[in-house]
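Have a look at the structure below before the remarks.
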Amino acid sequence: PENAEDYMEYLKETDRLDECAQLYTEVLNRNNFESKEGKSNHQAHDIFEEAVGAVLTVRDFTQVLDAYAQAEEGAIMAKFNEEQLTEDSMSK
């Protein structure tokens with residue numbers, strides 16, 4: 001987990017974009033992820049945009065887009081759950 005960013009960089013350099021996108025999705029969905037490079041989860045969105053620009057096949061594009069959509073959905077659900085917890089604690 002603490003070397004996730006290094007591994008993602010390796011995956012990008014070796015054009016294993018589908019694996020990289022899946023790992024980014026997992027990282028984005030971890031609420032407790034702490035970047036050793038000081039990056040926020042929001043900065044990972046830039047990586048997805050970079051990956052979309054670098055794909056060479058429809059298959060790669062589809063995998064990157066699917067991973068991006070899953071990451072966005074996870075982020076939205078995390079915010080929704082956070083709001084629910086806040087509302088529940090305030091109503092008690």
Of the numbered conditions (1) on the phi > 0 side of the Ramachandran plot; (2) open to solvent by 80 Å² or more (accessible area, probe 1.4 Å), residue 22 fails exactly one; give the number of that condition. (1)
Expected output for segment 50-61 (first residue at positive phi, partner open to solvent by 100 Å² or more (accessible area, probe 1.4 Å) and at pLDDT 80 or above, Cβ below 9 Å, 6+ apart or cross-chain) is none
Any residue in segment 36-47 that is open to solvent by 80 Å² or more (accessible area, probe 1.4 Å) and basic (Lys, Arg)? yes
Wholly inside the chain, helices (runs of 4 or more DSSP H) that include 1 or more residues that are modelled with pLDDT of 80 or more, out of contact with any His (no Cβ under 9 Å at 6 or more places or on another chain) and charged (D, E, K, R) are 4-13, 17-28, 58-91
Before we move on, is residue 79 touching a residue at least 24 places away in the same chain (Cβ under 8 Å), of a type outside the set (Val, Ile, Thr) and exposed (fewer than 12 other Cβ atoms within 10 Å of the Cβ)? no
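The values are calculated or read from the model by the stated rules, or taken from the named source; none is laboratory data. Small disclaimer: the values here were computed from a predicted structure and weren't measured. Here Cβ is always computed from backbone atoms with ideal geometry, including for glycine, and neighbour counts include all displayed protein chains. With ligands, DNA and RNA removed, areas are computed over all heavy atoms of the protein, side chains included. Shrake-Rupley method; radii C 1.70, N 1.55, O 1.52, S 1.80 Å.
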